[in-house]
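The values are calculated or read from the model by the stated rules, or taken from the named source; none is laboratory data. Just so it is clear, the model here is predicted, and its values are computed rather than measured. Here the Cβ is made from the backbone with ideal geometry for all residues, glycine too, and neighbour counts use every protein chain on show. The accessibility values were calculated without ligands, DNA or RNA, using every heavy atom of the protein model including side chains. Shrake-Rupley method; radii C 1.70, N 1.55, O 1.52, S 1.80 Å.
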Amino acid sequence: MDTGTHVVMGIALGGLATLDPVVAGSSVTATSVLIATIIGSQIPDIDTVLKLRNNAIYIRNHRGVTHSIPAIFLWPLILLAVIYPFFPEANLLHLWGWTFAAVFIHVFVDIFNAYGTQALRPFTSKWVALGVINTFDPIIFGIHIVAILIWVFGADPGYTFLTMFVVLIGYYLLRFHVQGKVRAEVLKIIPDATDIIIAPTMKFHQWRIAAMNEDEFFVGKALGNDVEILDCFKRIPVPKTPVLEAAKKDKNLAAFLSFSPVYRWELDEYDEYYEVRFIDLRYRSNGHYPFVAVVQLDLELNPVSSYTGWVFSEKKLRKKLSILPAD
């Protein structure tokens with residue numbers, strides 16, 4: 001989820017904690033728990049700072065080790081070491097328990113996005129992405145804001161947020177139901193589909209679709225139960241040519257391939273260089289596919305420039321390629 005949603009989730013969990021008699025019976029414990037749940041709801045996303053280095057490192061590592069099983073147990077201990085000295089009278093066990101809950105819920109809700117997490121590391125590095133909730137869901141955010149306002153105006157926080165979480169569970173189940181109906185419609189159009197990726201948008205009834213069978217890629221959208229296929233591409237395996245093998249060694253393209261499950265590729269040869277482009281098919285927007293990896297190599301197959309990330313025009317892509325140094 002986005003940062004704002006994780007913040008309100010932390011506040012909500014801190015309010016829910018007042019149902020714990022130990023928390024409710026101590027203002028010091030209640031204060032420390034609220035601080036811990038807000039920070040704990042953010043801490044797994046500390047790897048966002050990797051974006052300051054470059055997109056390749058960010059794509060390969062965001063929601064990776066910081067969202068892993070060992071990290072879920074490590075983050076609460078780190079936060080306790082920082083917070084507890086300021087609140088030595090707080091109940092340590094209950095402070096740890098609610099901090100752990102905040103970290104766990106952060107990682108748990110992230111698996112419902114299309115981006116997903118590597119939440120099962122170290123057992124597997126596979127991305128777990130259920131694709132039923134958008135990174136920012138206005139309904140989820142709005143429900144949290146309403147519940148927080150109800151608390152501000154004097155309602156009991158514990159039962160207010162308990163009710164809110166029950167409503168949210170129902171909302172998640174509804175999203176699975178709606179996604180399942182879209183999947184059934186896709187199978188009517190592509191009965192031999194081998195893979196179907198249905199990604200949410202900020203609009204409740206609108207979904208992005210990327211599917212494939214043995215011969216083609218299909219890109220589409222759904223509005224309610226109405227599925228429309230917008231583009232079709234022949235599935236052409238990536239050949240093991242010297243140019244493409246050299247391009248795959250580039251860190252930006254390697255990062256793209258570690259993240260994208262469905263893509264097509266292009267190879268263009270110019271007088272002085274080759275250009276290899278891989279295009280993620282999951283994020284079609286206004287007829288454009290903005291998530292790409294591009295590698296330029298000279299005629300001796302040395303990388304000249306490369307980029308991976310979001311670009312919404314060819315002009316901006318050319319600018320990014322021109323300012324990046326060779327690897």
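Structure summary
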item	result
Where R282 falls short, out of the listed (1) assigned to a loop (DSSP other than H, G, I, E, B); (2) open to solvent by 50 Å² or more (accessible area, probe 1.4 Å)	(2)
Some residue of the range 120-132 being assigned to a helix (DSSP H, G or I), within 21 Å of P70 (Cβ to Cβ) and either basic (K, R) or open to solvent by less than 50 Å² (accessible area, probe 1.4 Å) (or both)	no
Some residue of the range 52-62 being open to solvent by less than 60 Å² (accessible area, probe 1.4 Å), over 20 Å from D280 (Cβ atoms) and in contact with a helix residue (DSSP H, G or I) (Cβ under 9 Å, 6 or more places away or on another chain)	no
Flag for A147 being assigned to a loop (DSSP other than H, G, I, E, B), within 29 Å of D20 (Cα to Cα) and at pLDDT 95 or above	no
Hey, V109 under 16 Å from I169 (Cα atoms) and part of a helix (DSSP H, G or I) or not	yes
Any chance K320 is touching a Gly at 6+ places or on another chain (Cβ under 9 Å) and open to solvent by 10 Å² or more (accessible area, probe 1.4 Å)	yes
Residue among T29, T5, T18 that alone is modelled with pLDDT of 95 or more, of a type outside the set (K, R), touching an Asp or Glu at 6+ places or on another chain (Cβ under 9 Å) and more than 21 Å from F86 (Cα to Cα)	T5
Members of the range 207-238 that are surrounded by fewer than 14 Cβ atoms within 10 Å (Cβ to Cβ) and not in a loop (DSSP other than H, G, I, E, B)	L223, D226, E228, L230, C232, K234
Residue list for the range 256-276, restricted to those being open to solvent by 70 Å² or more (accessible area, probe 1.4 Å) and not in a strand (DSSP E or B)	P261, Y270, D271, E272
Flag for F136 being farther than 14 Å from H6 by Cα, open to solvent by 30 Å² or more (accessible area, probe 1.4 Å), in a loop (DSSP other than H, G, I, E, B) and at pLDDT 90 or above	no
Exclusive hit being farther than 15 Å from N134 by Cβ and assigned to a helix (DSSP H, G or I), set V178, V167	V167
The listed residue being of a type in the set (G, A, S), in a loop (DSSP other than H, G, I, E, B), open to solvent by less than 40 Å² (accessible area, probe 1.4 Å) and in contact (Cβ under 8 Å) with a residue 60 or more places away in the chain, out of A36, A90, A17	A90
